[in-house]
1. Within 10 Å of each residue's Cβ, count the other Cβ atoms and sort 196, 204 from fewest upward.
2. Based on the alpha-carbon set only, what is the convex hull volume of the range 145-252 divided per residue, in Å³?
3. Which whole-number percentage describes the relative contact order of the chain, with Cα contacts under 8 Å and a sequence gap of 6 or more?
4. If you look for lysine pairs in the chain that are eight or more places apart or on different chains, how many of them have Cα atoms under 22 Å apart?
5. Run the helix sum for the chain: -39,500 (n - 2.57) per DSSP H stretch of 4+ residues, divided by residue count, reported at 222 nm to the nearest 500 deg cm²/dmol.
6. Can you sort 243, 157 so the residue with the fewest Cβ neighbours within 10 Å comes first?
7. Not counting the cut sites, what is the longest span of the chain without trypsin sites (Lys or Arg not before Pro) that DSSP labels loop and that have at most 16 other Cβ atoms within 10 Å?
8. Throw me the Rg/Rh for the chain, computed over C-alpha atoms with Kirkwood Rh, two decimals.
Amino acid sequence: MQKSQTLGLEESKAFWITQDYAAYSEDEHRLWSELAGRRMAQLEGCACREYLEGWRQLGMAGERIPRLEDVSRRVEARTGWRVQPVSGFMPSRAFFGMLEARLFPATTWLRSRASADYTPEPDMLHDALGHLPMFAEPGFADAVEEYGRVCSAMEGEEKLERMGRLYWYTFEFGLIREGGGVKVYGSGVASSQAECENVLNGGCAVEDFTVERVLATSVKVDEVHKKLFAIRGFDEILGAVKEARRLVENAG
């Protein structure tokens with residue numbers, strides 16, 4: 001284990017919690033069922049094959065909020081990743097250290113009905129429904145680990161901001177070409193009705209993914225996207241992380 005990973009992982013432990021499953025109310029369980037049911041009704045038609053397979057494999061489709069320890073065991077059996085509940089946002093080094101250790105930081109709170117379409121902070125709908133199904137896909141899972149490794153070792157906020165663009169336009173808002181069309185796989189699109197509709201209805205331009213294009217595209221967190229990028233397959237992303245590291249480091 002590299003020193004950078006060790007330091008980041010140790011820092012992250014201040015944010016580790018356990019999922020207090022008994023604390024969820026019946027209304028929260030009903031709300032999860034409603035929100036997840038609504039999202040999956042749309043995603044069955046617009047999510048990529050790997051996402052839908054992961055959703056079924058991880059067993060989160062019930063009427064109760066998922067038990068993260070159960071989901072963690074299932075994803076670990078497939079790709080070696082585990083799910084670690086956290087209290088919320090953490091410093092970037094701590095986040096990178098967890099990714100490099102194949103630990104996904106997942107929140108345990110659930111948005112309200114009033115915020116069904118959007119919440120500025122990640123919640124269980126974003127993390128469990130949005131992110132976790134893709135961690136059952138080996139190519140995707142390996143790419144996230146590599147991203148954590150690269151960013152753990154990288155110095156400089158400007159460089160990390162550029163690497164953050166790669167994360168945003170793949171793991172968060174990534175699209176993939178499948179069966180002659182475009183499907184979603186990024187968590188930010190998967191967990192958002194509005195972002196999915198935006199893609200389906202042609203509200204944003206869909207460009208072929210290249211590392212150069214992504215690194216040149218700034219991130220806007222306060223509006224529905226006007227441009228997103230589509231990969232051809234998940235084996236692209238691991239190579240993209242390595243290429244992005246080279247380009248960012250060489251740019252100084």
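Nothing in this text is a laboratory measurement; each read-out follows from the coordinates by a stated rule. Keep in mind the model is a prediction, meaning the values are calculated, not measured. Glycine gets a Cβ as well: all are built from the backbone with ideal geometry, and neighbour counts include every protein chain shown.
1. So the ranking, lowest neighbour count to highest, is 204, 196.
2. Measuring per residue, one finds 97 Å³ for the Cα hull of the range 145-252.
3. Once divided by the residue count of the chain, the mean separation gives 21 percent.
4. 8
5. After summing the helix terms and dividing by residue count, I get -15000 deg cm²/dmol.
6. 157, 243
7. 68-219
8. Here the Rg-to-Rh quotient is 0.94.
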